């Protein structure tokens, strides 16, 4: 059984004052029936890990460098994230792919580094609006999946997050049929590559997940949770998303 995962990506948001939101989330879900993860900016990881210690809250990073060390000003290695208290790292997010020209091979090298450091890699894939309109979304996502996920990946150390780029932060959400079709494609592709372990990879949906639509999204087959952006910044917004995922887990 794949354990459900609610992952919050704070992106470039948050100062130490935002720890109040993490504490409120812990208080609201002291024994969650799914995993809860927050990925704050790197400056907050160590302190958030201290706050989360002894609680079910998991902490992750938003990116890492492929190299273990070196002359890479401003970057952070996977081992540094792990030492700071992170257990997960988001890789290949569409904003990294677009703003930093990250290629699939770059994401794969980062994922290799993450696995070597003992981190769980959340590998993001997804198509743009132009690619969706052209009917090439499966080709695009299939290419990203093949190029970004290491050959040695397993369902225990890699999570796949499907994020339709055209739905991130726009308030637009694909139809249930579109989400189901993509998650079915992801599952079939993983099984074709990794055999039976392909069934063990958790598939997250990420694209304007909100309290109002979370329950219907989590009811879709092969949606094992969500990668949440803006709605994860406030506990009052993230708590109902977690609760909806818990309810979904209870029904399985």
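Quick check, is residue 250 in contact (Cβ under 8 Å) with a residue 24 or more places away in the chain, outside any loop (DSSP other than H, G, I, E, B) and more than 14 Å from the chain's Cα centre (by Cα)?
For residue 250, the condition - in contact (Cβ under 8 Å) with a residue 24 or more places away in the chain, outside any loop (DSSP other than H, G, I, E, B) and more than 14 Å from the chain's Cα centre (by Cα) - is met.
Would you mind telling me which numbered condition in (1) crowded, with 17+ Cβ neighbours inside 10 Å; (2) at negative phi; (3) in contact with a helix residue (DSSP H, G or I) (Cβ under 9 Å, 6 or more places away or on another chain) residue 93 fails?
It fails just one condition, (3).
Residue 68 - would you say it is buried (at least 16 other Cβ atoms within 10 Å of the Cβ), at negative phi and in contact (Cβ under 8 Å) with a residue 24 or more places away in the chain?
Spelling it out, it is not the case that residue 68 is buried (at least 16 other Cβ atoms within 10 Å of the Cβ), at negative phi and in contact (Cβ under 8 Å) with a residue 24 or more places away in the chain.
Being closer than 21 Å to residue 180 by Cβ and crowded, with 16+ Cβ neighbours inside 10 Å: is that true of residue 231 here?
Taking the combined requirement at face value, the residue does not satisfy it.
Kindly list the number of the only condition in (1) touching a residue at least 60 places away in the same chain (Cβ under 8 Å); (2) part of a helix (DSSP H, G or I); (3) in contact with a helix residue (DSSP H, G or I) (Cβ under 9 Å, 6 or more places away or on another chain) that fails for residue 207.
The single condition residue 207 does not satisfy is (2).
Would you confirm whether or not the stretch 173-187 contains a residue that is buried (at least 18 other Cβ atoms within 10 Å of the Cβ), at pLDDT 95 or above, under 15 Å from the mean Cα position of the chain (by Cα) and closer than 15 Å to residue 244 by Cα?
No: zero hits.
Would you mention how many residues in the stretch 191-204 are touching a helix residue (DSSP H, G or I) at 6+ places or on another chain (Cβ under 8 Å) and part of a loop (DSSP other than H, G, I, E, B)?
Residues meeting the conditions: 1.
Please enumerate the residues belonging to the stretch 13-42 that are within 20 Å of residue 86 (Cβ to Cβ) and out of contact with any strand residue (DSSP E or B) (no Cβ under 7 Å at 6 or more places or on another chain).
Within the stretch 13-42, 13, 14, 15, 16, 18, 19, 21, 23, 32, 40, 41 meet the criteria.
Within the stretch 141-155, is even one residue under 18 Å from the mean Cα position of the chain (by Cα), under 25 Å from residue 88 (Cα atoms) and touching a residue at least 60 places away in the same chain (Cβ under 8 Å)?
Within the stretch 141-155, one or more residues are under 18 Å from the mean Cα position of the chain (by Cα), under 25 Å from residue 88 (Cα atoms) and touching a residue at least 60 places away in the same chain (Cβ under 8 Å).
The values are calculated or read from the model by the stated rules, or taken from the named source; none is laboratory data. In this text the structure is predicted, and so the values were computed from the model without any measurement. Cβ sites come from the backbone with ideal geometry, for glycine too, and all protein chains shown count toward neighbours.
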